[in-house]
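Here the structure comes first, spelled out in structure tokens, and everything after it is commentary.
The values are calculated or read from the model by the stated rules, or taken from the named source; none is laboratory data. Source: prediction; values computed, not measured. Ideal geometry is used to build each Cβ from the backbone, glycine not excepted, and the neighbour counts take in all protein chains shown. Remember, those area values only see protein heavy atoms, side chains included, never the ligands or the DNA or RNA. Shrake-Rupley method; radii C 1.70, N 1.55, O 1.52, S 1.80 Å.
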Amino acid sequence: MKNIVILGSTGSIGTSSLDVITHLGEDFRVLGLSANNNTDLFLKQINLFKPKFAAVLNPESYEKIKDQIPPQTRLLPPEIDSLCFMVSLPTADLIINGVVGAVGFQPLVAAIKAGKTIALANKEPMVMAGKTLMTECERWQAAIIPVDSEPSAIFQCLAGMTGAHGYHKISDQISKVFLTASGGPFAKRKNSLSTVTPAEALNHPRWKMGKKITIDSATLMNKGFESIEIMNLFNLPEEKVQIVIHPQSIVHSAVEFYDGAILAQLGEPDMRVPIQYAITYPKRLPGPVKKLNLFEAAKLEFFEPDLDRFPCLDLALVAARRGGVYPSILSASDEIAVDAFLKEEIKFTDIAKLIYTVLKAAPQSSGVATLNQALEADAWAREAARICLTEKAYTKAII
Ligand SMILES: NC(=O)c1ccc[n+]([C@@H]2O[C@H](COP(=O)([O-])OP(=O)(O)OC[C@H]3O[C@@H](n4cnc5c(N)ncnc54)[C@H](OP(=O)(O)O)[C@@H]3O)[C@@H](O)[C@H]2O)c1
């Protein structure tokens, strides 16, 4: 029996996780759920999965649902400590972190300090302070099993060699990692991207995901985040990470070893595969996902990314190279920029300009950021990005 806590149960990762758990049957039980705004779906989930604990971070959502919670579930106060409490429950065997953005940082740290196994979709904390988080995992004997499809693919290629606790210790056997990317909706678009609308950017050709990651995929910032995520998770230098545009999204990533062997993980682009693997690890059980037909997938293409057309990816790689709190500043300013684009306050091409302006204004930093430094930089960057937006300072950026 595995007792599972899901943070962000109403999101794309959260609902897919619940779908997987339903298919897996009674050996997998939902112990805790969290959401933010989607109270209708959250109430349905509570009634269906009967968790012992539930939490919503938005106080208005809390007021809306507090009198409708069935007796078997305890609704916790609308505060981040409630998420930290749920992930630390002694009876929790697995934490699925499927919230979006830096809000998942503190609950992730709490889960690590409680020595938990964490199925991690929420990549932003790994961007902000991934190296320190991996050190903390060792200290508290916690394990992170990546859920994001590309880091999961790399994890799956390595898991047979190391298990869930040691995969970051074998980077000396890896000569290169091929981090694949679909290229997003604009991979082949020749026209300027300045007139792209939120609806166009949200129309991802392969994956159905939450809004923020879908926009990050359109700007290729998502690939930049994943580059930083895998450098931190697998202890790899930038030179060992080769980003490859692969429009079919069949090869989810591959690892080349020093002897010349390449291991890749292939499959239909469906997040329920990496989610299920993280839930059932180290076992593989039957799941709800259609199997890949190799004859239908016969044509697989691979291209180099165009950093000039997608400056967000370039900015992410620069932030990774500079280290310190720059990745945290990158992540926070991207959250503000994507939100502003979705509200049609800025153009698609302004996303990179805003992030660049904030990164340029940041104080000098290098080395490995501590957890506190990463959080402080996140707060500083949000404030700086908001000022930049109000003053339209980003319009002067030439990148
Ligand atoms: N979706 C994918 O296929 C995919 C693939 C790889 C990695 N990821 C990563 O997984 C994470 C989740 O992505 P997603 O696509 O599932 O996002 P999503 O669909 O937007 O869902 C986000 C979830 O987090 C909750 N949430 C949002 N803001 C919150 C806040 N301030 N406090 C507490 N909870 C909050 C949402 O609650 P409400 O809905 O109730 O407001 C929802 O349950 C992201 O970090 C993303 O990069 C996603």
*Based on what the data block shows, is residue 162 of a type in the set (Val, Ile, Thr) and free of Cβ contacts under 8 Å to residues at least 24 places away in the same chain?*
yes
*Just name the residue that is farthest from the ligand (Cβ to nearest atom) out of those in the stretch 187-208 that are surrounded by 18 or more Cβ atoms within 10 Å (Cβ to Cβ) and at pLDDT 95 or above.*
196
*Residues (open to solvent by 10 Å² or more (accessible area, probe 1.4 Å) and either away from the ligand (no atom under 16 Å from the Cβ) or over 9 Å from the mean Cα position of the chain (by Cα) (or both)) located in the stretch 118-136*: 131, 132, 134, 135, 136
*With respect to the numbered conditions (1) open to solvent by less than 10 Å² (accessible area, probe 1.4 Å); (2) at pLDDT 95 or above; (3) more than 16 Å from the ligand (Cβ to nearest atom), which one is the sole condition not fulfilled by residue 146?*
(3)
*Restricting attention to the stretch 1-46, and to residues there that are acidic (Asp, Glu) and either part of a helix (DSSP H, G or I) or assigned by TED's automatic domain parsing to the domain that holds residue 214 (or both), which single residue is nearest to the ligand (Cβ to nearest atom)?*
40
*Residues of the stretch 287-328 classified as in contact with a His (Cβ under 8 Å, 6 or more places away or on another chain), open to solvent by less than 90 Å² (accessible area, probe 1.4 Å) and not small (Gly, Ala, Ser), total*: 3
*asked:* For the stretch 257-269, give me the residue count where each residue is open to solvent by less than 40 Å² (accessible area, probe 1.4 Å) and not polar (S, T, N, Q).
replied: 3
*What number of residues within the stretch 47-72 satisfy the criterion of being of a type outside the set (A, V, I, L, M), part of a loop (DSSP other than H, G, I, E, B) and buried (at least 17 other Cβ atoms within 10 Å of the Cβ)?*
2
*For the stretch 16-28, state whether one or more residues are of a type in the set (Ser, Thr, Tyr), open to solvent by 10 Å² or more (accessible area, probe 1.4 Å) and without any contact (Cβ under 8 Å) to a residue 60 or more places away in the chain.*
yes
_Given (1) within 11 Å of the ligand (Cβ to nearest atom); (2) touching a Lys or Arg at 6+ places or on another chain (Cβ under 8 Å); (3) open to solvent by 50 Å² or more (accessible area, probe 1.4 Å), identify the lone condition not met by residue 101._
(3)
*Tell me, which residue of the stretch 104-117 that is open to solvent by 10 Å² or more (accessible area, probe 1.4 Å) and of a type in the set (Val, Ile, Thr) is farthest from residue 58 (Cα to Cα)?*
117
*Just checking, which of 243, 279, 250 is out of contact with any strand residue (DSSP E or B) (no Cβ under 6 Å at 6 or more places or on another chain) and either open to solvent by 50 Å² or more (accessible area, probe 1.4 Å) or under 30 Å from residue 8 (Cβ atoms) (or both)?*
279
*asked:* Need pairs with beta-carbon distance below 9 Å; first residue open to solvent by 90 Å² or more (accessible area, probe 1.4 Å) and within the stretch 375-399, second of a type in the set (D, E, K, R); sequence gap 6+ or separate chains.
replied: 396/353; 398/353; 399/314; 399/353
